[in-house]
Structure formats: structure tokens, C-alpha cells
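Here the structure is laid out as C-alpha cells; the discussion comes afterwards.
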Amino acid sequence: DWNSGNVIAEQVARIQAQVGTGKVICGLSGGVDSAVAAALVHKAIGDQLVCVFVDHGLLRQDERRQVEEDYVKATGVRLVTVDVREQFLTALEGVSDPETKRKIIGREFIRTFEQAQAELIKEAAATDGDPIRFLVQGTLYPDVVESGGGSGTANIKSHHNVGGLPEDLQFELIEPLRTLFKDEVRAIGAELGLPAEIVQRQPFPGPGLGIRIVGSITQDRLDLLRHADAIVRAELTAAGLDREIWQCPVVLLADVRSVGVQGDGRTYGHPIVLRPVSSEDAMTADWTRLPYDLLARISNRITNEVDGVNRVVLDVTSKPPGTIEWE
Ligand code: XMP
């Protein structure tokens with residue numbers, strides 16, 4: 001019968017047998033899967049593992065700190081943070097089409113991770129001649145089924161030829177979550193002592209806040225949205241609704257302005273959209289009937305505390321026809 005302690009012991013033994021004295025790299029996204037996968041690998045082989053976290057500036061408030069401080073403290077992993085906030089802002093300047101945003105973010109993300117990887121590989125090879133040969137991936141059982149089950153190695157192409165590395169770096173994959181479902185992964189994360197804010201995290205899209213600004217992305221707009229999002233998350237958590245809600249995107253309508261009145265002046269600010277949804281698998285969803293007083297509190301706080309926002313609106317569309325995200 002299923003028991004998280006058994007799975008951990010089994011995976012630790014398996015990883016040790018697979019890796020031997022080799023070196024391993026893992027990208028952390030801030031999400032559950034990569035966090036639990038890396039923690040398992042670290043438990044098995046300690047500092048033969050190095051983790052990479054990309055701060056692209058599209059993260060929510062406190063996410064970087066949770067990884068750099070709470071997660072590192074809980075696991076003891078060696079972590080390298082790559083700060084590419086400026087680079088992403090420049091690449092995204094003036095872009096408002098959703099799919100173009102996704103493409104740029106995906107491209108810049110892979111480029112950043114590969115560069116970090118290339119540097120770590122060189123460094124590892126220089127210290128004791130042993131390069132990094134293994135890559136950890138937080139693949140879950142549903143992902144395996146979806147992609148037809150094949151796996152084994154990953155061919156990471158380095159299109160930009162970073163300092164004398166081979167064209168194609170061959171990695172052997174370590175996928176310790178391949179037989180598990182999401183709730184099992186969370187149970188293992190909890191058993192490993194990972195921070196609750198990571199283990200219980202709701203889904204958050206890879207392109208992050210970048211696809212929650214309807215319009216082009218600027219530093220000011222990101223800061224504004226981050227602030228509003230932090231208020232919503234704090235209030236939902238305080239109301240004890242985190243488990244009940246699948247996720248609650250908070251969206252900034254950056255290209256829309258409406259007239260308001262605040263203090264003794266007229267304002268001309270942006271609306272913030274609340275998109276709380278209930279769902280089993282994100283394929284379909286319904287809008288969550290949040291209590292009115294909670295909605296009132298969130299609305300008051302956002303309009304009082306977030307500069308530039310003078311209106312809060314609630315999205316009452318199911319999926320279909322609406323998607324969960326606005327972009
Ligand atoms: P939609 O908006 O399609 O979202 O109803 C379904 C689920 O997928 C998430 N989502 C994404 N996740 N990259 C991701 O990693 C993306 O580009 C992306 N777009 C949507 C969304 O948050 C929801 O959980």
C-alpha cells in the first residue's frame with residue numbers, strides 16, 4: 001500500500017544507483033513538482049546536485065525569497081539564482097499579443113537556463129574533470145501518459161554556442177516523480193519537510209504575470225499587479241479558501257482606463273479583474289462564488305493600497321467559453 005516514506009526510500013536508492021558519483025543539475029520554477037523532485041535528488045546525492053532558479057521578473061511577490069530562503073533552508077540544496085529581469089523587460093518591450101509574449105518568454109527562459117547550465121558545466125569540469133551529465137525533471141505520471149510514455153535522455157540544443165561547448169549536450173534524465181500523481185507529490189514534499197507555501201501551491205502559469213497584464217509589459221505595471229495579486233492571495237488565505245479554489249488569476253487591464261473619484265479628486269485609473277475558479281483539472285472550470293464580504297474587503301484594499309487602480313471587477317465566466325487566464 002502507498003506510503004510516502006516508502007516511495008522516498010525507494011527513489012533515493014534508485015537515484016543513488018543511477019547517478020553514482022556523477023553531477024546533476026535541476027531547474028527550479030518555484031512550483032511543486034521541480035521542488036519535490038530536487039529535494040528527493042538532494043536527499044539521495046547531496047551536493048552532487050546544483051539547482052538553478054531563473055528570476056525573470058514575472059514572478060509573484062515573495063516567490064524568489066521562498067525559494068532562496070525557505071526552500072534552501074528546508075533542503076540544504078546548492079542554489080544558483082540567475083537574475084534576468086532586465087533582459088526579459090527589454091525582450092518584451094512593446095509586445096501585447098499573448099502568443100508573442102509566450103514565445104518570447106519561452107525563448108528567453110530556455111536561453112537563460114542553457115547559459116547558466118553551460119557555465120556550471122564548465123565550472124564542474126574545471127574543478128575535478130567531471131562534467132554534469134544528469135538533468136532532473138519533475139515529470140508526473142499524467143505527463144508521461146500524455147506524451148506517450150517515451151523518455152530516457154534529453155537533447156538540449158545550445159543554439160547560441162556558449163563558449164566552446166558541444167552543439168548538443170546529452171543529458172541523462174532523472175525523473176523521480178514519473179509514477180506519481182499530484183497529491184502524492186504533495187504528500188512526499190510534506191514528508192520531506194518542504195515549506196507549505198511551495199508544497200500546497202496552486203497552479204501558476206510558466207509565463208507568470210506576463211500573461212496577466214492585458215497590454216504591454218512594463219516594470220511599473222508588473223509592480224502594480226504584483227501588489228494587487230499579493231493582497232488577493234493574502235485575503236483568500238486568511239479566509240481559509242486556498243483548498244477550495246483551484247486558482248485565482250488577478251489580471252491588470254493595462255490598456256483600459258475608467259473614471260473614478262478618490263479623496264477630493266477625479267481619478268483615471270486601471271481596472272483589476274479577479275478570476276477565482278473552481279476546477280478538477282483546468283480543462284473545464286466554474287467561477288467560484290466567493291463570499292460578498294470577502295470580495296468587498298479585497299476591493300477596498302486594492303483600490304486603497306494599489307496606486308493607479310480605481311476599480312475592481314469580478315469575472316463570472318465559466319470555462320468554456322472563457323479560459324482560466326485572460327491571455
Ligand atoms: P487556460 O487559460 O487555458 O489555463 O484555461 C488552463 C491552465 O493552464 C495554465 N496556463 C499555463 N501554464 N504556461 C503554463 O505553464 C502557459 O502558457 C499557460 N497558460 C495557461 C493556467 O494557469 C491554468 O491553470
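Take every Cα pair under 8 Å in the chain that's 6+ residues apart, average their separations, divide by the length, and report that relative contact order as a whole percent.
Working: 539 pairs, mean separation 56.1, N = 327.
Reported relative contact order: 17 percent.
How far, in degrees from 0 to 90, does helix 182-191 lean away from the longest principal axis of the Cα atoms of the chain, to the nearest 10?
The helix 182-191 is inclined about 70 degrees to the chain.
LEU49: net charge of surrounding residues, Cβ under 13 Å, Lys/Arg +1, Asp/Glu -1, itself excluded?
Details: positive: LYS23, LYS43, ARG78, ARG133; negative: ASP47.
Cβ neighbours under 13 Å give a net charge of +3.
Using the Cα atoms of region 203-314 to build a convex hull, what is its mean projected area in square nanometres? Mind showing how you got there, number by number?
Working: hull surface 29.1 nm².
Across all orientations, region 203-314 yields a mean hull projection of 7.3 nm².
Could you work out the helix-only [θ] at 222 nm for the chain, with each DSSP H run of four or more residues adding -39,500 (n - 2.57) and the total divided by the number of residues, to the nearest 500 deg cm²/dmol?
Working: 10 runs with 127 residues, N = 327.
Helix-only estimate at 222 nm: -12000 deg cm²/dmol.
More than 16 Å apart: what percent of Cα pairs in region 49-113 qualify?
So the pairs more than 16 Å apart make up 51 percent of the total in region 49-113.
If one takes the longest principal axis of the Cα atoms in the chain, at what angle in degrees, from 0 to 90 and to the nearest 10, does the Cα axis of helix 98-128 lie?
Between the helix axis and the principal axis of the chain, the angle is about 30 degrees.
Starting from the eigenvalues of the Cα gyration tensor, five times each then square-rooted, give me the equivalent ellipsoid semi-axes of region 4-198, largest first, whole Å. Don't skip to the answer; put the middle values down first.
Working: eigenvalues 134, 90, 59 Å².
They are 26, 21, 17 Å, listed largest first.
Please list the non-local residues whose amide H lies under 5 Å from the amide H of ALA285, H modeled 1.01 Å from N, same-chain partners needing a gap of 5 or more.
LYS319
What list of ³J(HN,Hα) values in whole Hz, one per residue of region 70-79 in order, does the Karplus curve 6.51 cos²θ - 1.76 cosθ + 1.60 (θ = phi - 60°) give from phi, with Gly and Pro shown as x?
So the Karplus estimates, Gly and Pro as x, are 5, 5, 5, 5, 6, 10, x, 5, 7, 10 Hz.
Using the number of other C-beta atoms within 10 angstrom as an exposure proxy, rank VAL19, VAL256, VAL306 with the fewest first.
On the way: VAL19 19, VAL256 13, VAL306 23.
Arranged by neighbour count, lowest to highest, VAL19, VAL256, VAL306 become VAL256, VAL19, VAL306.
Given the options VAL144, VAL250, VAL36, state which has the largest fluctuation in a GNM of the chain using a 10 Å cut-off (strictly under) for Cα springs.
Sorting by GNM fluctuation, first place goes to VAL144.
Excluding residues fewer than 8 places away in the same chain, name every one of the lysines whose C-alpha is closer than 20 Å to that of LYS73.
LYS73 reaches LYS43.
Can you tell me the relative contact order of region 4-198? Whole percent, Cα pairs under 8 Å, sequence separation 6 or more. List each step's numbers first, then the result.
Values: 282 pairs, mean separation 56.6, N = 195.
In percent, rounded to a whole number, it is 29.
Can you sort SER29, SER147, SER258 from fewest to most other Cβ atoms within 10 Å of each residue's own Cβ?
Working: SER29 18, SER147 10, SER258 13.
Listed from fewest to most nearby Cβ atoms, that is SER147, SER258, SER29.
Quick check: the angle from helix 219-238's long axis to the longest principal axis of the chain, C-alpha only, nearest 10 degrees?
It is inclined by approximately 90 degrees.
Which value results for Rg/Rh of the chain when Rg is the Cα radius of gyration and Rh the Kirkwood radius based on the inverse mean 1/r? Display every interim value, and only then the final one.
Numbers: Rg = 21.3 Å, Rh = 21.4 Å.
Reported Rg/Rh, Kirkwood definition of Rh: 0.99.
Could you name the aspartates and glutamates whose alpha carbon sits less than 14 Å from that of LYS122, not counting residues in the same chain fewer than 8 places away?
Straight-distance partners of LYS122: GLU114, ASP130.
Give the aspartates and glutamates reachable from LYS182 as a straight Cα distance under 15 Å; neighbours fewer than 8 places away on the same chain don't count.
Correct list for LYS182: ASP33, ASP143, GLU146, GLU191, GLU280, ASP281.
Quick one: which residues, 5 or more positions from GLN247 or on another chain, have an amide H under 5 Å from its amide H? H modelled 1.01 Å from N in the peptide plane, none for Pro or chain starts.
Correct list: VAL277.
Rank these for me by crowding, TYR71, TYR141, TYR292, going from fewest to most other beta carbons within 10 Å.
Exposure proxy ranking, most exposed first: TYR292, TYR141, TYR71.
Since every read-out is calculated from the coordinates, none of them should be taken as a lab result. Everything numeric in this text was worked out from a predicted model, so none of it was measured. Heads up, the Cβs are rebuilt from the backbone with ideal geometry, glycines too, and the neighbour counts pull from every protein chain shown.
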